[in-house]
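Participant: After the structure tokens below, expect a handful of questions from me.
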Amino acid sequence: MTVPHIVDSHCHLDFPDFDEERAAVIDRAVAAGVARMVTICTKLRLEPQVRAIAETYDPVFYAAGTHPMSAADEPLVSTADLVALAAHPKFVGIGESGLDYHYTADTAEIQKTSLKIHVEAAQETGLPLIIHNRASDDDMIEILSAGMAEKPFSCVMHCFSSSEKLAHAALDMGFYLSMSGISAFPKSSDLRDIFAKAPVDRILVETDSPYLAPPPHRGKRNEPAYTAHTAQVGADVFGLSYADFAAQTTANFDRLFSKAAAWQAEAAA
């Protein structure tokens, strides 16, 4: 029996947690039906090693940006820097960028500046913006709305675990919400309710590995193969079979990350 294909739309395969068995981790993901993975670079000085992972493994694509929690410690990225990276055939998204006022509220101003630069890069390249948001809903809505009013762009709210207000605002702008292992935690019923009200054609799944492992692996290192556990919860939330939810979220990924879909189609030709 063929395992339904799904996509891990956000992981961090360059992190040292995977150094000893990166190839095995990717093989386990593929065996679990995770046909593609997007590994995310969070500091641009590390982009060469993240790119090398995407170049080495056919199922892996990559994106790059400056994580908001690093915005004050890393050189300020330029729009031109990000646009130049987008020339790579397996570079498929801008970010992750965003705002994090839970841990780093003291650097809010530089985070906002960095986010606006990433928005500009998404507008210029046509690649989706990958957003991290924590405890910053109002500023996030303001910045993304202003960017959309200036020039539309596509976007995914990665590892969405914020308010219903932000979910509505993001969906109204045509953005996507991504389900991580948090969605599968027993105490996340309110979050699952928010997802249940969203259009299923605007949902992605991810691991954010090595973080946020879903049950039954909670508390352990996460890895892309565990996307399947979150996807099963997603299927239950939307009242779909696992196979139908996997097919739907894969189609959603292909629509948003169209460069990855085009690369795969060309490679298969």
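The values are calculated or read from the model by the stated rules, or taken from the named source; none is laboratory data. It should be emphasised that the depicted structure is a prediction, and the values quoted were computed from it without experimental measurement. Neighbour counts are summed over all protein chains in view; Cβ atoms, including those assigned to glycine, are modelled from backbone coordinates with ideal geometry. These area figures cover heavy atoms from the full protein model, side chains too; ligands, DNA and RNA do not enter into them. Shrake-Rupley method; radii C 1.70, N 1.55, O 1.52, S 1.80 Å.
Participant: Within the accessible area of the chain, what % is carbon and sulfur when the probe is 1.4 Å and the other protein chains stay in place?
Facilitator: Carbon and sulfur: 53 percent of the exposed surface of the chain.
Participant: Here is a further query. What pairs in Lys187/Lys259; Lys90/Lys116; Lys112/Lys220; Lys151/Lys259; Lys90/Lys165; Lys43/Lys165 have C-alpha atoms more than 27 Å from each other? Let's see the in-between values first.
Facilitator: Numbers: Lys187/Lys259 36 Å; Lys90/Lys116 24 Å; Lys112/Lys220 33 Å; Lys151/Lys259 20 Å; Lys90/Lys165 34 Å; Lys43/Lys165 29 Å.
Check vs 27 Å cut-off fails for Lys187/Lys259; Lys112/Lys220; Lys90/Lys165; Lys43/Lys165.
Participant: Measuring with a 1.4 Å probe in the full set of protein chains, what accessible area per residue, in whole Å², belongs to the stretch 141-264? List each step's numbers first, then the result.
Facilitator: Working: 5060 Å² over 124 residues.
Per-residue accessible area for the stretch 141-264 comes out at 41 Å².
Participant: Suppose every K and R has +1 on its Cβ and every D and E has -1 on its Cβ; what is the size of the dipole of the chain about the Cα centre, in Debye to the nearest 20? Mind showing how you got there, number by number?
Facilitator: Working: 21 positive and 36 negative charges, 87 e Å.
Dipole size: approximately 420 debye.
Participant: Please calculate the 1.4 Å probe accessible area of Tyr176, with all protein chains present, and give it to the nearest 10 Å².
Facilitator: The accessible area of Tyr176 comes to roughly 20 Å².
Participant: Could I ask something else about it? With an 8 Å Cα cut-off and a minimum separation of 6 or more residues, compute the relative contact order for the chain in percent.
Facilitator: Values: 540 pairs, mean separation 54.1, N = 269.
20 percent.
Participant: Sticking with this one: Can you give me the pair-distance distribution of the chain, C-alpha pairs, 5 Å bins, whole percents?
Facilitator: In order of increasing distance, the bins hold 1, 6, 14, 19, 21, 18, 13, 6, 1, 0, 0 percent.
Participant: Still on this model: Could you work out which residue, out of Ser145, Ser209, Ser97, moves most in a Gaussian network model of the chain, that is, has the largest mean-square fluctuation with Cα springs under 10 Å?
Facilitator: Residue with maximal mean-square fluctuation among Ser145, Ser209, Ser97: Ser145.
Participant: Also: Quick one: putting +1 on the C-beta of Lys and Arg, -1 on the C-beta of Asp and Glu, what dipole do you get for the stretch 165-269 around its Cα centre, in Debye to the nearest 20?
Facilitator: 300 debye
Participant: Please give the calculated 222 nm ellipticity per residue for the chain, where each DSSP H segment of at least 4 residues contributes -39500 (n - 2.57) and the sum is spread over every residue; nearest 500 deg cm²/dmol? Please report the intermediate quantities before stating the final value.
Facilitator: Working: 10 runs with 114 residues, N = 269.
Helices in the chain give a 222 nm mean residue ellipticity of -13000 deg cm²/dmol.
Participant: For the chain, modelled as a GNM with alpha-carbon contacts under 10 angstrom, which of Met148, Met37, Met157 fluctuates the most?
Facilitator: Looking only at Met148, Met37, Met157, the largest GNM fluctuation is found for Met148.
Participant: Over the stretch 124-229, one equal point on each Cα, no solvent: what is log10 I(q)/I(0) by the Debye formula at q = 0.15, 0.21 Å⁻¹?
Facilitator: Rounded to two decimals, the profile gives -0.63, -1.11.
Participant: How large are Rg and Dmax for the stretch 11-147 when calculated on the C-alpha trace, in angstrom?
Facilitator: In order Rg, Dmax, the Cα atoms of the stretch 11-147 give 15.2, 44 Å.
Participant: Turning to a different aspect of this structure: Compare the Cα positions of Phe91, Ala63, Thr230 along the charge dipole of the chain (+1 at Cβ of Lys, Arg; -1 at Cβ of Asp, Glu; about the Cα centre) and return the one farthest towards the positive end.
Facilitator: Of Phe91, Ala63, Thr230, it is Thr230.
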